[in-house]
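Below: one structure, written as C-alpha cells.
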Amino acid sequence: MKLELDRVTKRYTHRKRDVTALRETTFGVAENEFVSLVGISGCGKSTLLSLVAGLHRPSGGTILLDGSEVRGPGADRGVVFQTYTLLPWLTARQNIEFALKETRSGESRPAERARDLLHEVGLGDFTDAYPHQLSGGMRQRVAIARVLAYRPEVLLMDEPFGALDALTRTLMQELLMKVWEEHKLTVLFVTHDINEAVFLSDRAIVMSRNEDRFLTDVRIDLPRPRTTDVLQTPRFRELSAELLGLVRDEARAASHF
Amino acid sequence: MTRSKGRPLRPELLRIDGRAGRGVHLLLSALAFGAVLAAWALTTAVGSVPDIYLPSIGAVAGALRDAAADGTLAGDLGISLTRILVAFALAAVVAVPLGLLAGRIRLADALITPLAEFARYLPVVAFVPLTIIWAGTEESQKYLVIWIGTFFPLLLMVIDDVRRVGADLVDFGRTLGMTDGRILRRIVMRGALPGIVDSLRISLGWCWTWLVVGELVAATSGLGYRITIGQRYLETELIFAYILVLGVVGLLSDQALRLLHRTLFPYLRESGR
C-alpha cells in the first residue's frame, strides 16, 4: 500500500465539549489508485484529508506513506484546495516556479516545466496571467499544474471542483482523468458529489456518522480510460444509485427532511 | 397610455450604486472647491469680518509669495519634511516587523496587541510636556511626538493587514514543506504588503498633524513654528497660508503613496475596469 491509515481518529474540544471529528478510520490506497472519500458535510472527510496532508495531528492511530509515519506536512503529499490558494501577486507561471523553488524540487529548468504543465492543462496562452484575470476553473487548473510540477508521491484533493459551476466541473473532471492517466498518480479525492466520485475513482469510500457502517468501500469497476460517455452506461447509474443509497438516509436525517 | 411597472431607477449621480465619469467627478469636485473660495472672497469683499479674523485671499497669497520669495517657506518645509520622514520611518521600521509577528504568532499577539490597543488611546498631545522633559527642544523631541502619535495605531493596522492573509495560503505553504519563518516572509508578509502600504499611507497623513503639534510648542523652526510666529504678530494671513501649505503637502504625499500602491500592486486591479 502506498498510503495506509490505521485506526486514525481526530477529537478536539469546542466550547468545553469534546467533539469527535473522525472516529477510528482504517483503509489503504494502492500505488496509482484513485480513491474518493464521499460523504455529507461534517462526516469528517476533509478532516481526514488534512490529517494525511499533515496539517493537523491525529488524536490517535497512524498514517503511513510508503511505510513511514506522517508527522507533518511535506512536499511528498501535494494538496489541491477548494480555494485554489494561488498567490495573487504571482502570474500562473510564477506560481508554479514558486512551488518548484520552495519544495526544493531541484528542477533544472523551472520556467520550462511551468510552461509545459500550463500547456498540458490547456493554459498555454495564460502563462503570464495573474490569478485575478483567470476564471475559477482556470485558477484550479493552474493549481493542478502547480502541484504536478513538484511530483508529489500522493495527490490530495479537497473538493477541488466544489466552487465551480456544473459545466466547468465536468470539464475539470475530464481533465483530471487525462492528467491522472498521464502522470500515474496516487490520488485521495474528497467530494460530496456522488457522480464525480463514481466517474473518477477506482474505489469510493463512503463515510457516514452511522456507527454500524461508518465506512463503506465500493469498488468502481467501470472500464478505463473513461470519458463522459461512461455517464450514460447502466453500470454507472447502478453504482451512483448504490452510493446515493448509502449517503441519502443520513443526508435526510441531517437536514431534517 | 401604457401603465408602467416597477420603481424607476434614479439618475446615476444620485442613486446609491451609481457610476460617474472621471470628468464629471473632477468638475463637481472643482465646483465644491470653487464654492468655498467664492464664499471666502465674498465675505472679505463685503468687509463684514475684520482682517485679523479672516484675511482676504489676496493677502494670504501675498503672505505665501513673500514666504516663498525670501526662502522661509522652503526652509520651513525642508525641516518639517525631514522630521516627518525620520519619525515616520522609525515608526514604520518598528511597527511592520512587530505587526507581522503579533498578527500571526499567539505569543507575540498576547504580549503586544493589548498593550498597543491601550497605548493608542493615550492622548498624544498630553505627551508633549513629557517629551520636552525627556528630550528638551532637540529634534529628537519632535521625532518622539510624531512617533508616539503614529506608531501605535500603525502597529494595530499592520496586525490587521497581516491577519487578513488567508489561512489557506499558510496551509498551502506548509504543504510545500516551507518552515513557519519562510511562510511568514514569503507568503504572509508578501500577501499583507498591499494592505501595509495602504496603512503606511494613512498613518503618514496623521504624521502631519503630530508634526504641527510638536512644532507649535517647543520649536524654533518648521511649518508649525511659523504658524506660532503668525499668531504672535497677528499675521493671520501667514497662518492661513501655512495651513493651506500643510493641506496641499499632505494631499501630495497621500497621492504619491497611492501612486506607489498602484505601481507596486497591479494585480489588485480588476481586469476590464
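Of note:
- Evaluation of A:Thr216 against the conditions (1) buried (at least 22 other Cβ atoms within 10 Å of the Cβ); (2) not in a helix (DSSP H, G or I) shows that the sole unmet condition is (1).
- Within segment B:164-178, one or more residues are of a type in the set (Ser, Thr, Tyr) and at the interface with chain A (Cβ under 10 Å from one of its Cβ atoms).
- Condition check for B:Thr209: part of a helix (DSSP H, G or I), among the polar types (S, T, N, Q) and either more than 15 Å from B:Tyr143 (Cα to Cα) or touching a Phe, Trp or Tyr at 6+ places or on another chain (Cβ under 8 Å) (or both): no
- Annotation note: Cβ proximity below 6 Å between a residue of segment B:179-206 that is buried (at least 19 other Cβ atoms within 10 Å of the Cβ) and a residue that is polar (S, T, N, Q) (sequence gap 6+ or interchain) occurs for B:Ser203/B:Thr150; B:Leu204/B:Ser253.
- Residues satisfying the stated conditions in segment A:51-76, i.e. surrounded by fewer than 19 Cβ atoms within 10 Å (Cβ to Cβ), more than 13 Å from chain B (Cβ to nearest Cβ) and not in a strand (DSSP E or B): A:Ser59, A:Asp66, A:Gly67
- Among the residues making up segment B:214-273, those that are within 14 Å of another protein chain (Cβ to nearest Cβ) and surrounded by 15 or more Cβ atoms within 10 Å (Cβ to Cβ) are B:His261, B:Phe265, B:Tyr267.
- Of all the listed residues (B:Val96, B:Val124), the sole one being modelled with pLDDT of 95 or more, surrounded by 15 or more Cβ atoms within 10 Å (Cβ to Cβ) and either out of contact with any Ser or Thr (no Cβ under 6 Å at 6 or more places or on another chain) or within 25 Å of B:Val145 (Cβ to Cβ) (or both) is B:Val96.
- When restricted to residues that are buried (at least 19 other Cβ atoms within 10 Å of the Cβ), within 19 Å of A:Ser201 (Cα to Cα) and of a type in the set (S, T, N, Q), segment A:134-172 contains 0.
- Wholly enclosed helices (runs of 4 or more DSSP H) of segment A:85-156 bearing at least 3 residues within 14 Å of chain B (Cβ to nearest Cβ) and modelled with pLDDT of 95 or more: A:92-102, A:136-149
The values are calculated or read from the model by the stated rules, or taken from the named source; none is laboratory data. Note that this is a predicted model, so its numbers are computed, not measured. Counting neighbours? That spans all protein chains shown, and the Cβs are built from the backbone with ideal geometry, glycine included.
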